[in-house]
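Working notes for the structure below.
What follows is calculated from the coordinates using simple rules that are stated; it is not laboratory data. Fair warning: this is a prediction, and the values are worked out from it, not measured in the lab. Here the Cβ is made from the backbone with ideal geometry for all residues, glycine too, and neighbour counts use every protein chain on show.
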Amino acid sequence: MEQRFLSPAVLASISGLELIAKTVVDGFVAGLHRSPDFGFSQEFAEYQMYNPGDDLRHVDWNVYARSERLYLKRFRGETNSMLTILLDASNSMQFGSHQVNKMDYARYLAASLFYLAIHGQRDAAGLITFDDEIRNYIRPSTRQGQLHRLLAGLEQAEARARTDFSKPMRYFQEFLKRRGMVLIVSDFWESPDSVVRTIEPLRYHGNEVVLFHVLDPEDVKPKLNGPQILVDLETQSQLEVTPDYSKKEYREKIEAHLADLRDRVQAAGMGYYLLMTDRPLDAALREYLSLRGGRK
């Protein structure tokens, strides 16, 4: 079985974010290589085919962006890319109906993206964790030990309080020195209009902005055996619901919410990806590589 198809539940059995990230990225990169045929002009004569286990630092991602094939380049130029991940660490991220809750899935995602950015492309990478306050800010950097600092920041993130997108976005803009890729990881339990209005200004600086919408399967399709009282993890408000309500009205409302958010985000020129916590991380890593390739 290819590593890239490991389920989040299997990843949860691996100890340590760095090993989880390495497992995800190594399997993902190995799965990208489709053919031993070169298929390029003579100008790429200094390349050799990638084989599983080769050093990711020598992969030429520009070639991958053009061909979706992996080759190693003998000499690499300096990168000019910068990645910042804004991680929602509010209480609602604690929810989970299986082995991996939304917060853990978000950690796996962020750790894998950091590993790919630093080991794969030598990009500058940084992290902001937030709820209704900024809880941690690790400035984007390429200096030695940055991956360790970022993974430690992810480990220390604790789900608490309510979500407030306005504070981290203002804070980030104050410290924004140059344009780059901004990935926002959240369950986005807020009105789509408010989310887009708050986040859209990040694009005015020339940033590529993508929303990674992390949801548990039961956020979308709750399974109830009888009437239950649901408690909002952020507001503590309660709502009594029935199985019929969850199958009809609730699903209609959540589907409308997802469609509205997706449409508003894309209309604002930003990327949107829905990630369910029972699915592998391939789609998110592919989007990151596509963004990076498009900036060259």
Checklist entry - Whole-Hz Karplus ³J(HN,Hα) for the range 180-186, in order, using 6.51 cos²θ - 1.76 cosθ + 1.60 and θ = phi - 60°, x for Gly and Pro? => result x, 9, 10, 10, 10, 10, 6
Checklist entry - Which residues' amide hydrogens lie under 5 Å from the amide hydrogen of Ser81, considering only partners 5 or more residues apart or on another chain, with H built in the peptide plane? => result Ala124
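GluC sites (Glu not before Pro) within the range 104-178: which are DSSP loop residues with at most 15 other Cβ atoms inside 10 Å?
Numbers: sites: Glu133, Glu155, Glu158, Glu174; in loops: Glu133, Glu158.
When the GluC sites (Glu not before Pro) of the range 104-178 are filtered for loop state and at most 15 Cβ neighbours within 10 Å, Glu133, Glu158 remain.
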Checklist outcome for this item: For Tyr105, Tyr273, ascending order of other Cβ atoms within 10 Å (fewest first) is Tyr273, Tyr105
Next on the checklist: What percent of all Cα-Cα pairs in the range 99-178 falls into each 10 Å bin, going from 0 up to the bin containing the maximum distance?
Outcome noted: 17, 47, 32, 3
Next on the checklist: Apply the Karplus curve 6.51 cos²θ - 1.76 cosθ + 1.60, θ = phi - 60°, to the phi angles in the range 102-118 and return the couplings in whole Hz, x for Gly and Pro.
Outcome noted: 5, 5, 5, 4, 4, 5, 4, 4, 4, 4, 5, 5, 5, 4, 5, 5, 7
Checklist entry - Which residues' amide hydrogens lie under 5 Å from the amide hydrogen of Glu158, considering only partners 5 or more residues apart or on another chain, with H built in the peptide plane? => result none
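Relative to the present Cα-Cα distance, how much length would full extension add between Ala267 and Asp193 at 0.36 nm per residue of separation?
Working: separation 74, 0.36 × 74 = 26.64 nm, distance 1.17 nm.
Answer, rounded to one decimal: 25.5 nm.
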Checklist outcome for this item: Computed from every Cα-Cα pair in the range 82-294, P(r) in 10 Å bins starting at 0 and rounded to whole percents is 8, 34, 38, 15, 5, 0
Item to check | Amide H partners (placed H, <5 Å) of Val214, local residues excluded | outcome: Ser186, Asp187, Leu275
Next on the checklist: Testing the spin-label approximation: label points 7 Å from Cα along Cα→Cβ at Lys167 and Asp244. State their distance in nm.
Outcome noted: 4.3 nm
Checklist entry - Tell me, what HN-Hα J-couplings in whole Hz come from the Karplus equation 6.51 cos²θ - 1.76 cosθ + 1.60 at θ = phi - 60° for each residue of the range 8-20, using x for Gly and Pro? => result x, 4, 5, 4, 4, 7, 8, 8, x, 5, 5, 5, 4
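Which value, in nm² and rounded to one decimal, describes the direction-averaged projected area of the C-alpha convex hull of the range 251-296? Please list the in-between numbers first.
Numbers: hull surface 15.7 nm².
The directionally averaged projection comes out at 3.9 nm².
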Checklist entry - When a footprinting reagent is the concern and you count Cβ atoms within 10 Å, what order do Phe95, Phe165 take, fewest first? => result Phe95, Phe165
Next on the checklist: Quick check: pseudo-label points 7 Å beyond the Cα along Cα→Cβ at Glu158 and Arg178, how many nm apart are they?
Outcome noted: 3.7 nm
Next on the checklist: Counting other beta carbons within 10 Å of each residue's own, what order do Phe175, Phe188 fall into, fewest first?
Outcome noted: Phe175, Phe188
